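> Sending over a structure as C-alpha cells; questions will come in a sec.
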Amino acid sequence: MRYDISGTVMQTLSIALDPGDVIVSQTHAMAWMTDAIDMDTHTGGGLFAGLKRALGGGSFFITEYSARGRGEVAFAPRFPGQILPMKLAPGESIICRKETFLCAERSIGLEIAFQQRLGAGVFAGEGFILQRVTGPGTVWLDLSGEVIEKTLAPGERLRVHAGHIGMQEPSVGTDIQLVRGFRNILFGGEGLFLATLTGPGRIWLQSMPILNLAEEIARHLPSEDARDASAGAGIGRMVGGGAAGAAIGGILGSILGND
C-alpha cells in the first residue's frame, strides 16, 4: 500500500488504494477521496466493539474506505503536528494516547489498554484507559508538535510532564511522582505530579500537548467564558493535567464563571 505524508506543520496523509484495499479511521478524519473510493461507517464489530473504542477515548463508530478501482483517500489531523507511520508485525503492539490514532489497515486491532496503577492513569495525563494498537499491518498516528524519540535502557527512568507523552512500547512502565519542593509546586508551573517512564523500550514525546494549545488560545479569546475556561485549564494543569486535573479545572472554571 503506497502512501505519502506531505506538509510540515499541518501534515496530510494520502494513501493510494488498489481494488480491494481497505483503510479504517475514526470519524472526522477524512480530508478528500476520489470517485473510486466507497465509504461505510459502522461500529466495527457490533455494539461491544464500539463501546470498547469509546471507553478507550476513540469514536463509537469507525469508517471504512474501500477501493472499487485504483483510488486515493487523504486524512488530515485537527492539530499541528507530525504523522508517524508504524508497521507492526503480527501480535506486535504500541500504546498510544486516545487522540493519536488517525487511520490504519483493516488488519490492525484497536482495543483498551489498562494502566497498571489507577493513580498513574488519573494523574499522569494519559487517562486511565489508553489505546493498544496491535498488528499485523500499518497504522498512522498523529502526535502534536514536533516528535522526539528516545530509547530507555532496562531500569532507566525519565520524568516527563504527562502531556508530552505521545506513545510508548508496551514494555515501558508508567507511574507518577510528586514534584519535590514547595516552591516548585507553587511556582514551577509543572503541576503536582510528573509522569515517570521506566525502560526498557522506546517512547515518543510530543513538543506541544493539545491541552497547552487549547489553554493558550483560550487566553487570547475576548469573551469572559473563554477567560474562565483558561483559568480552569491552568488550575487543572497545576493539579497534574490528567483526568483529575481536567475535572478539577472544569469545576473551578465553572465557579469562576458564576462569580
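Read the figures in this text as sums done on the coordinates, not as results from a lab. All of these numbers come straight from a predicted model, not from anything done at the bench. Reconstructed Cβ throughout: ideal geometry from the backbone, glycine too, with neighbour counts over all protein chains shown.
> List the residues, sorted by chain then number, that are 5 or more residues from GLY145 or on another chain and whose placed amide H is less than 5 Å from its amide H.
Here the answer is GLY81, GLN82, MET208, since their amide H atoms fall under 5 Å of that of GLY145.
> What full-extension length gain, to one decimal in nm, is calculated for ALA16 and ARG68 as 0.36 nm per residue of separation minus the Cα-Cα distance?
Details: separation 52, 0.36 × 52 = 18.72 nm, distance 1.22 nm.
Gain on extension, ALA16 to ARG68, equals 17.5 nm.
> Using label points projected 7 Å from each Cα along Cα→Cβ, tell me how many nm separate ILE148 and LEU221, to one decimal.
3.0 nm
> Just add up the charged neighbours of ARG106: K/R +1, D/E -1, any other residue whose Cβ is under 10 Å from the Cβ of ARG106.
Numbers: positive: none; negative: ASP21, GLU64, GLU105.
Result for the neighbourhood of ARG106: -3.
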